[in-house]
Amino acid sequence: GSVELLALYLFAIIFYWTPPHFWALSLLIKDDYARARIPMLPVVRGGPETRRQIVLYSLLLVAITLILVPFRLAGPFYLASAVLLGGLFVFYAVRLLREASALAARRLFKYSVVYLYLILAAIVVDQKFIIV
């Protein structure tokens with residue numbers, strides 16, 4: 001058996017999506033994690049470092065999603081989708097870094113769920129209906 005390159009990229013997308021998604025949530029319920037002695041990043045490193053890491057991982061996520069195109073694993077529809085969706089992801093991450101509010105964390109968390117669905121849907125649409 002072998003593993004297709006697209007499968008590895010799908011793994012990488014979910015891998016780099018996970019930290020900003022869960023850290024945004026963990027910023028919202030940091031006190032619960034602290035009381036339960038669960039060492040989530042906001043508990044052990046604080047909010048400012050967590051927000052910086054969210055931006056870093058968001059940028060890495062966008063870079064990973066764009067790598068599909070030069071390897072001809074996705075075409076123009078996916079590229080446009082990835083740029084738009086990724087731009088919004090980074091926007092929400094940077095907003096959280098600047099505002100440091102529960103509202104900004106909640107917005108990023110909610111958008112991250114929508115983002116994952118739409119970026120994966122864009123891959124399917126691009127693979128199924130668009131000729132590269």
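Candidates Val94, Val124, Val113: the one that is part of a helix (DSSP H, G or I) and without any contact (Cβ under 8 Å) to a residue 12 or more places away in the chain is Val124. Given the structure, is Ala82 more than 20 Å from Leu10 (Cα to Cα), at pLDDT 95 or above and crowded, with 17+ Cβ neighbours inside 10 Å? So Ala82 fails the test. Do we have any residue at all in the stretch 64-73 that's buried (at least 19 other Cβ atoms within 10 Å of the Cβ), assigned to a helix (DSSP H, G or I), touching a Gly at 6+ places or on another chain (Cβ under 9 Å) and modelled with pLDDT of 95 or more? Taking every residue of the stretch 64-73 in turn, at least one turns out to be buried (at least 19 other Cβ atoms within 10 Å of the Cβ), assigned to a helix (DSSP H, G or I), touching a Gly at 6+ places or on another chain (Cβ under 9 Å) and modelled with pLDDT of 95 or more. Listed by first and then second residue, the pairs linking a residue in the stretch 64-81 that is under 15 Å from Leu118 (Cα atoms) to a residue that is crowded, with 19+ Cβ neighbours inside 10 Å and charged (D, E, K, R), with Cβ atoms under 8 Å apart and 6 or more places separating them unless they lie on different chains, are Ala74/Asp126; Phe77/Asp126; Tyr78/Asp126; Ser81/Asp126. Taking residues in the stretch 26-41 that are over 23 Å from Arg107 (Cα atoms), and partners anywhere that are surrounded by 12 or more Cβ atoms within 10 Å (Cβ to Cβ) and acidic (Asp, Glu), the pairs with Cβ atoms closer than 9 Å and at least 6 places apart or on different chains are Ile38/Asp32. Could you go through the stretch 17-30 and let me know if any residue there is buried (at least 17 other Cβ atoms within 10 Å of the Cβ), under 23 Å from Val124 (Cβ atoms) and touching a Phe, Trp or Tyr at 6+ places or on another chain (Cβ under 6 Å). Yes, the stretch 17-30 contains at least one residue that is buried (at least 17 other Cβ atoms within 10 Å of the Cβ), under 23 Å from Val124 (Cβ atoms) and touching a Phe, Trp or Tyr at 6+ places or on another chain (Cβ under 6 Å).
Restricting attention to the stretch 34-50 and to residues that are in contact with a Pro (Cβ under 9 Å, 6 or more places away or on another chain) and closer than 28 Å to Gly86 by Cβ, the residue that is surrounded by the most Cβ atoms within 10 Å (Cβ to Cβ) turns out to be Thr50.
The values are calculated or read from the model by the stated rules, or taken from the named source; none is laboratory data. Here the structure is a predicted model, which is why all the values come from computation and not from measurement. All Cβ positions, glycine included, derive from the backbone under ideal geometry; neighbour counts span all protein chains shown.
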